[in-house]
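One structure is given below, encoded as structure tokens.
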Amino acid sequence: MKNNIIPVGSVIGIIGGGQLGRMTALAAANLGYKVHIYTPEENSPASHVAYKTTVAPYEDEVAIKEFAKQVDVVSFEFENIPHDSVEVLEEIIPVRPRWQVLHIAQNRIREKNFFKEIGVPTNRFYEVNSLEDLKKGVEFLGGDKALMKTVELGYDGKGQALIKNGENLEEAWESIGKNAAILEEWIPFEKEISVVVAKSNDFDALCYPPAENVHKKGILHTSVVPANISDETRAASIDIAHEIAEKLGLRGLVAVEFFVKQDGGLLVNEIAPRPHNSGHWTMDGCVTSQFEQFVRAICGLPLGAVDILAPIKMLNLIGDDVNGWEEIVKNPNAKLHLYGKREAREGRKMGHVNYITYVSC
């Protein structure tokens, strides 16, 4: 492995078999790499397009070690993986990003403390392990509202409870299963944005332009690029994303989600060390898609350009939204991406569509 570069023709191991693994496998194939998926799920979206798939529990150390022998580098497509399993992998094969990055990102308390330690702005929070802690946290944070989230395994609005005027504490504690949680200060933000940043070996990190995001029921609904923010806010978001990537010792991708306050100031909400839903616009609106960039980064290749080709809007297809695919493909400026999932369920991401605003030459 010359200069930490994984040569073309090698096998990339991806932990997780969802749509992010699927789109990574497609991008890897274009660069001449093969992808071996490791997932506990039979018939996963990524397995449909992968070179090989191992179906086994994430905790199966024997299967994990055998998987490691068959690949040249390993990464992951979501955070909810036992970091112990990733540590086992790292003893055998390069893992990018390193397991410590996963360890930070999969626990909201560790994540918030990391933000504090490196000096990036975030909202105030309080650790909750009991109903009594919750009462203390409400008093500590003050205000009319606060948001409680499970420390681990929550995503797309799951594992969350809104606290109003400190009046529904027992109900809220019950609703998240009395699991370890974080109580976060409620921020009356103006909008949400995200920045995807990539880092490859000793090459400079590159940030994609910020995307402006709208969520519905806790799930990303749309991402629009360019984001409608000031030049100062745009520059600050990119600077913070660079700082986070540097302090993580990143090799790969990390998406940084921000709240934009009414004065244009920024608060970091959370990070995801992998391709991100809000980066799907790059597949059709950017010189280099986030998935190609992900492959380049974990293989130690120079990074691709991140210039916007055209203004673009990404729309998630959630649940039965996917049934409108026939109308979508009638639009010549719509680029449809479906994930190969058999069953459309409420809240399930079935695909996305990028609507491109072309400018004639």
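Only one entry of D284, D320 meets the criterion of being out of contact with any Ser or Thr (no Cβ under 9 Å at 6 or more places or on another chain), surrounded by fewer than 19 Cβ atoms within 10 Å (Cβ to Cβ) and in a helix (DSSP H, G or I), and that entry is D320.
Of the residues E212, E232, which single one is free of Cβ contacts under 8 Å to residues at least 40 places away in the same chain, crowded, with 19+ Cβ neighbours inside 10 Å and more than 14 Å from the chain's Cα centre (by Cα)?
Values: E232 fails: crowded, with 19+ Cβ neighbours inside 10 Å.
Just a single option satisfies the conditions, and that option is E212.
Evaluating H337 against the criteria (1) of a type outside the set (K, R); (2) on the phi < 0 side of the Ramachandran plot; (3) modelled with pLDDT under 95 leaves one unmet condition, (3). With respect to the stated conditions, E127 is under 25 Å from V254 (Cα atoms), acidic (D, E) and either touching a residue at least 24 places away in the same chain (Cβ under 8 Å) or not in a strand (DSSP E or B) (or both).
Tell me, please, whether a residue that is out of contact with any Cys (no Cβ under 8 Å at 6 or more places or on another chain) and under 21 Å from P302 (Cβ atoms) can be found in segment 37-47. Within segment 37-47, none of the residues are out of contact with any Cys (no Cβ under 8 Å at 6 or more places or on another chain) and under 21 Å from P302 (Cβ atoms).
Within segment 58-76, the set of residues being touching a Leu at 6+ places or on another chain (Cβ under 9 Å) and more than 16 Å from G17 (Cβ to Cβ) comprises K65, A68. Selection over segment 131-153 of residues that are in contact (Cβ under 8 Å) with a residue 24 or more places away in the chain and in a loop (DSSP other than H, G, I, E, B) gives a count of 5. I'd like to check something: does segment 81-90 contain any residue that is surrounded by fewer than 17 Cβ atoms within 10 Å (Cβ to Cβ), assigned to a helix (DSSP H, G or I), without any contact (Cβ under 8 Å) to a residue 60 or more places away in the chain and not assigned by TED's automatic domain parsing to the domain that holds Q19? No, there is no match, as no residue in segment 81-90 is surrounded by fewer than 17 Cβ atoms within 10 Å (Cβ to Cβ), assigned to a helix (DSSP H, G or I), without any contact (Cβ under 8 Å) to a residue 60 or more places away in the chain and not assigned by TED's automatic domain parsing to the domain that holds Q19. Residues in segment 28-47 that are closer than 18 Å to V295 by Cβ and in contact (Cβ under 8 Å) with a residue 40 or more places away in the chain were compared, and the one that is surrounded by the fewest Cβ atoms within 10 Å (Cβ to Cβ) is N30. Restricting attention to segment 154-174, the residues being without any contact (Cβ under 8 Å) to a residue 60 or more places away in the chain, assigned to a loop (DSSP other than H, G, I, E, B) and under 20 Å from the mean Cα position of the chain (by Cα) number 2.
Condition (residue is of a type in the set (A, V, I, L, M, F, W, C), within 25 Å of D263 (Cβ to Cβ) and surrounded by 14 or more Cβ atoms within 10 Å (Cβ to Cβ)) applied to segment 170-181: is it met by at least one residue? Checked segment 170-181: no residue is of a type in the set (A, V, I, L, M, F, W, C), within 25 Å of D263 (Cβ to Cβ) and surrounded by 14 or more Cβ atoms within 10 Å (Cβ to Cβ).
Table: residues versus (1) outside any loop (DSSP other than H, G, I, E, B); (2) surrounded by 19 or more Cβ atoms within 10 Å (Cβ to Cβ); (3) of a type outside the set (S, T, Y).
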| residue | (1), (2), (3) |
| --- | --- |
| S237 | yes, yes, no |
| E246 | yes, no, yes |
| L250 | no, yes, yes |
| V256 | yes, yes, yes |
| I271 | yes, yes, yes |
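The values are calculated or read from the model by the stated rules, or taken from the named source; none is laboratory data. These numbers come from a predicted model, not from an experiment. As a convention, Cβ positions derive from the backbone with ideal geometry for all residues, glycine included, and neighbour counts pool all protein chains shown.
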